[in-house]
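Below: the structure, in structure tokens.
The values are calculated or read from the model by the stated rules, or taken from the named source; none is laboratory data. Note that the structure is predicted; figures quoted are calculated from it, not measured. Quick reminder, even Gly has a Cβ in these numbers, built from the backbone with ideal geometry, and neighbours come from all protein chains shown.
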Amino acid sequence: MSALRFIDVCAGAGGLALGLEQAGFEPALLFDNKAVACETLRLNRPAWQVLQTDLRDFDPVEYPDTYDVDLLSAGLPRVRSAATHKRAHSNEERELLRATVYLVHAVQPRALLIENVPGLVDHPEFADIRGFIRSELEHLGYRFRWFVTNAADFGVPQERRQGILIALKSRHFDTFHPPAPTVREHVTVGQALRESMGSRGWPEAHRWAAQATAVAPTLVGGSDNRGGADLGPTGTKKAWARMGVNAGSLGDQAPGPDFVWNPSLGPAGMVKITNVQAARLQSFPDEWQFAGGKTLSYRQIGHASPPPVGRALGLSISAALSEGAHPRPATLRPHDQPGDSSLSTHDQRP
């Protein structure tokens, strides 16, 4: 059986695409509007077809391989809340979301995957966007489901909630099931980074790891218009400080043998997370390279979708597409009635 093919828009550093590759999908095309992201993709997968372009400018007529792919995936920039979306340039995220749905019209994939903020699933302030998506997808013959994942449930040592939309052509929808958690216990920061923290001979790496018993707060890539990289807003920095980590900036390397870890002294007595370690907290493989300097690399890491989540979603989509291609005769359970179309809260059908 040939590999399932997908297009990945707003591909970023490739976290979602890597996860889909691990699930057995093969990319027909990946594109992003940032040169550094495209460089990252080419560094790691020279055979992938990578295009630098704005989603809103993309014309699939110029790339016939994109027609009738199995999956269109999109890890889009985070849609802003009502409190911020009226600011200058902040409508871009909503425009990209609409452009993704319009691209479905053109390429007619068997499945659609959109990853974004959890609030997009059911918060009232995003009702207009969900209404637009519903109208367009129903018109095209798709049924769809909204749900929220937490990356920590898939072995990622990070509390990272993602709003997910999965849409499939009607004949495939009934066999789709959201992925179930793949781990019974979450991986802690200490477990994930103990070896890395001790890689330069720091004798207190094990003591530090023993008290870093929580998953990491959500990594935040920040804005291209901001200054240097840090690990997030004030609340996030406080959570890191409770694990003895100075989240105000990134480290250049792991602590050396002479570093004195004493959080009571404040940030100067705390360790710093490096880009390599941040990538581990996103569950990228160690060999995955990020183009650009420290800040540009971190922004790609912070904005990425963790590959294990992409893999789990890809496996669920693949299973639905495989089963839905050969539908079994419907069997009514005793309490079902012909024509019953009851679905859970976020299941949608025409």
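Of all residue pairs spaced 6 or more apart or on separate chains, those with beta-carbon atoms under 6 Å, a first member in the stretch 47-62 that is at negative phi and a second member that is among the hydroxyl-bearing types (Ser, Thr, Tyr) are Pro60/Thr66. Taking the stated definitions as given, is Thr236 surrounded by fewer than 20 Cβ atoms within 10 Å (Cβ to Cβ) and more than 28 Å from Phe6 (Cα to Cα)? So Thr236 fits the description; yes. Evaluated against (1) out of contact with any His (no Cβ under 9 Å at 6 or more places or on another chain); (2) touching a residue at least 24 places away in the same chain (Cβ under 8 Å), Val79 falls short on exactly one condition, (1). For the stretch 270-285, filtering for residues that are outside any helix (DSSP H, G or I) and either within 23 Å of Asp258 (Cβ to Cβ) or modelled with pLDDT under 95 (or both) leaves 5. Note on the stretch 304-350: residues that are modelled with pLDDT of 95 or more and in contact with a Gly (Cβ under 9 Å, 6 or more places away or on another chain) total 13.
Residues that are in a loop (DSSP other than H, G, I, E, B) and over 23 Å from Val156 (Cβ atoms): does the stretch 230-248 have at least one? Checking the stretch 230-248: at least one residue is in a loop (DSSP other than H, G, I, E, B) and over 23 Å from Val156 (Cβ atoms). Residue-level analysis places Thr53 among those that are hydroxyl-bearing (Ser, Thr, Tyr) and modelled with pLDDT of 95 or more.
With respect to the conditions (1) surrounded by 18 or more Cβ atoms within 10 Å (Cβ to Cβ); (2) more than 24 Å from Ile301 (Cα to Cα), Phe154 falls short on a single one, namely (2). With respect to Thr236, determine if the residue is closer than 30 Å to Arg42 by Cβ, β-branched (Val, Ile, Thr) and under 21 Å from the mean Cα position of the chain (by Cα). Spelling it out, it is not the case that Thr236 is closer than 30 Å to Arg42 by Cβ, β-branched (Val, Ile, Thr) and under 21 Å from the mean Cα position of the chain (by Cα).
This table checks each residue for (1) in contact with a strand residue (DSSP E or B) (Cβ under 8 Å, 6 or more places away or on another chain); (2) of a type outside the set (Phe, Trp, Tyr); (3) touching a residue at least 40 places away in the same chain (Cβ under 8 Å).
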{"residue": "Lys238", "(1), (2), (3)": "no, yes, no"}
{"residue": "Ser249", "(1), (2), (3)": "no, yes, no"}
{"residue": "Gln253", "(1), (2), (3)": "yes, yes, yes"}
{"residue": "Phe259", "(1), (2), (3)": "yes, no, yes"}
{"residue": "Asn262", "(1), (2), (3)": "no, yes, no"}
{"residue": "Leu265", "(1), (2), (3)": "no, yes, no"}
{"residue": "Leu281", "(1), (2), (3)": "yes, yes, yes"}
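Contact map, the stretch 162-181: residues that are more than 17 Å from Val79 (Cβ to Cβ) paired with residues that are polar (S, T, N, Q) and modelled with pLDDT of 95 or more, Cβ distance under 7 Å, separation 6+ or inter-chain. Pairs shown: Phe176/Ser316; His177/Ser316; Pro178/Ser316; Pro179/Ser316.
Look at the stretch 187-213: where a residue is in a loop (DSSP other than H, G, I, E, B) and a partner is surrounded by 13 or more Cβ atoms within 10 Å (Cβ to Cβ) and of a type in the set (Phe, Trp, Tyr), sitting 6+ places away or on another chain with Cβ atoms under 6 Å, you get Trp202/Phe259; Glu204/Trp261. Residues in the stretch 292-310 that are among the polar types (S, T, N, Q), more than 9 Å from the chain's Cα centre (by Cα) and under 19 Å from Ala74 (Cβ atoms): Gln300 only. Residue count for the stretch 269-305 satisfying the condition of being at positive phi and surrounded by fewer than 19 Cβ atoms within 10 Å (Cβ to Cβ): 1.
Exactly one residue among Asp230, Asp174, Asp252, Asp224 is surrounded by 19 or more Cβ atoms within 10 Å (Cβ to Cβ) and acidic (Asp, Glu), and that residue is Asp230.
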